[in-house]
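These notes concern the structure reproduced below.
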Amino acid sequence: MNFQKLAFDVLEGHELTDSEAMSILNCPDDKLLDLLHSAYKIRHHHYGNRVKLNMIINTKSGLCPENCGYCSQSSISTAPIEKYRMMDKDSIIQGAKQAHQLNVGTYCIVASGRGPSNRELNQVVSAVKEIKDNYNMKVCACLGLLKPEQAEQLKEAGVDRYNHNINTSENHHESITTSHTYRDRVNTVQLIKEAGISPCSGVIIGMKETKADVIAMARSLKVLDADSIPVNFLHAIDGTPLEGTDELNPRYCLKVLCLMRFINPSKEIRISGGREVNLRSLQPLGLYPANSIFVGDYLTTAGQESTADHQMLKDLGFEIDYAAGEPVLS
C-alpha cells in the first residue's frame, strides 16, 4: 500500500475502502514510519503543528448503576476506587482555574452515572456560567444519557461540547455492556447536535474487539460527524470484567490513530485514557496522526505530569493551540 498516495487521495476527498482501512491496521512494523508520515500530511493540512490540550475533572466518582465491563466505577466493579457524590460548584470552578494555569483549551466536566439528576445538572450549569465568565476556554460536559431539555440547559449555560463515547462497534457493544444499548449512545450524540452543542464521541481500543470492529468504529464516528474523537486505549483495571486484558502494543496503537485520521481527516483526534501505559516511549509519535491530548489525571487512573506533556510538545517542535477552536486550513 502506498500510504503517501492514499493520504493525498484523502485530502482530495477520497473515502477509504475496507481493504485500504485494513491495510493501515495491518501495516508491517517496518513501514510504520511511512504510515505515520502519511497521516501527518493529513493532520498538518488541517491543524499544522498545533496541539489542543484537554483536562478532565471527575466531579462524581463511582455509584454508577451501569455494567460497563471496562469501567472501575460501574455497578459490577470491585475495584477499590474513591467514591463520592457530585462536587460543589466551587470545586468545579477551582478545577477550571487549574486547567487555565496549564494552558488547557478545553475543560471537561465528567460525572459517573446513567444520566444527571436535576440537582446534579443545576450544579454543573451554575459552575459553567461562572467558568465562562472568568476563563477563556471551552467547556465540555460528560454526564451520561441526556433528555432534550437537559441538553438545552447545558447549551444555554455556555457548554461548548458534550462527550458521549460510542466506546466500541455496534456488533461488539453487548460484549461490553447490556445496561444500555448502542442506539442509546448514538441517540445522545444526535440529541446534543440538535441542541447546537459540538459533539465529542470516541472509542476504547483493546477490549477484545476485532480489527473489523475498529474500522466500523471509525466509520460510525464519521457518520455521526463527531467534531472531537477521543481514542482511549484500555487500561485494564483489577476488579473489572476486563481485568488482565492486555492485547495492545505501542505500534498497533499508532496504527489505530492513523486509521482514525485517514477516515476522519479534518476532525480533532485526541489521544486519551491509557496513553501512558499503552504507547509508553512512543507517545510523541502519536501526535503525528493525532492533534489533541489530555493532560493531568483521568477518571480513576493517573496520567503523567503535565510538565512532561509540555516538554514533549516542545521537543517535537509543536505548539499549544490556546484557542482550542475549529480546524484552520494551513
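The values are calculated or read from the model by the stated rules, or taken from the named source; none is laboratory data. What you see is a predicted model, and the numbers here were worked out from it, not measured in a lab. Every residue, glycine among them, receives a Cβ derived from its backbone with ideal geometry; neighbour counts consider all protein chains shown. Accessible surface areas use protein heavy atoms only, side chains included; no ligands, DNA or RNA. Shrake-Rupley method; radii C 1.70, N 1.55, O 1.52, S 1.80 Å.
Quick check on my filter: what residues within the range 46-70 are open to solvent by less than 30 Å² (accessible area, probe 1.4 Å), closer than 26 Å to LEU121 by Cβ and part of a loop (DSSP other than H, G, I, E, B)?
Hits for the range 46-70 are GLY62, CYS64, GLU66, CYS68.
Criterion first (surrounded by fewer than 24 Cβ atoms within 10 Å (Cβ to Cβ) and either of a type in the set (A, V, I, L, M, F, W, C) or without any contact (Cβ under 8 Å) to a residue 60 or more places away in the chain (or both)) does ILE237 satisfy it?
Answer is yes for this residue.
May I ask you to verify whether GLU174 is free of Cβ contacts under 8 Å to residues at least 24 places away in the same chain and surrounded by fewer than 23 Cβ atoms within 10 Å (Cβ to Cβ)?
yes
Just a yes or no: is a residue in the range 22-38 touching a Pro at 6+ places or on another chain (Cβ under 7 Å) and not in a helix (DSSP H, G or I)?
No.
Select from the range 187-232 the residues that are of a type in the set (Ser, Thr, Tyr) and open to solvent by 10 Å² or more (accessible area, probe 1.4 Å) and write down the one among them that is farthest from PRO250 (Cα to Cα).
SER198
Anything in the range 138-156 that is over 27 Å from ILE76 (Cβ atoms), open to solvent by 10 Å² or more (accessible area, probe 1.4 Å) and not acidic (Asp, Glu)? List them, or say none.
LYS138, PRO148, GLN153, LYS155
Filter the range 255-292 down to the residues that are assigned to a helix (DSSP H, G or I) and of a type in the set (S, T, N, Q), then identify the one that is most open to solvent (accessible area, probe 1.4 Å).
Per the criteria, the residue is SER281.
For GLY244, all conditions in the list (1) open to solvent by 10 Å² or more (accessible area, probe 1.4 Å); (2) in contact (Cβ under 8 Å) with a residue 12 or more places away in the chain; (3) over 20 Å from LEU16 (Cα atoms); (4) not hydrophobic (A, V, I, L, M, F, W, C) hold save one; what is the number of the exception?
For GLY244, the exception is condition (2).
For SER179, indicate whether it is modelled with pLDDT of 95 or more, surrounded by fewer than 21 Cβ atoms within 10 Å (Cβ to Cβ), over 18 Å from the mean Cα position of the chain (by Cα) and among the hydroxyl-bearing types (Ser, Thr, Tyr).
No, not satisfied.
Just checking, how many residues over the range 71-94 are open to solvent by less than 60 Å² (accessible area, probe 1.4 Å), in contact with a helix residue (DSSP H, G or I) (Cβ under 9 Å, 6 or more places away or on another chain) and not hydrophobic (A, V, I, L, M, F, W, C)?
Residues meeting the conditions: 1.
Within the range 157-171, restricting attention to residues that are among the charged types (D, E, K, R) and open to solvent by 30 Å² or more (accessible area, probe 1.4 Å), which residue is nearest to the chain's Cα centre (by Cα)?
In this case the residue turns out to be ASP160.
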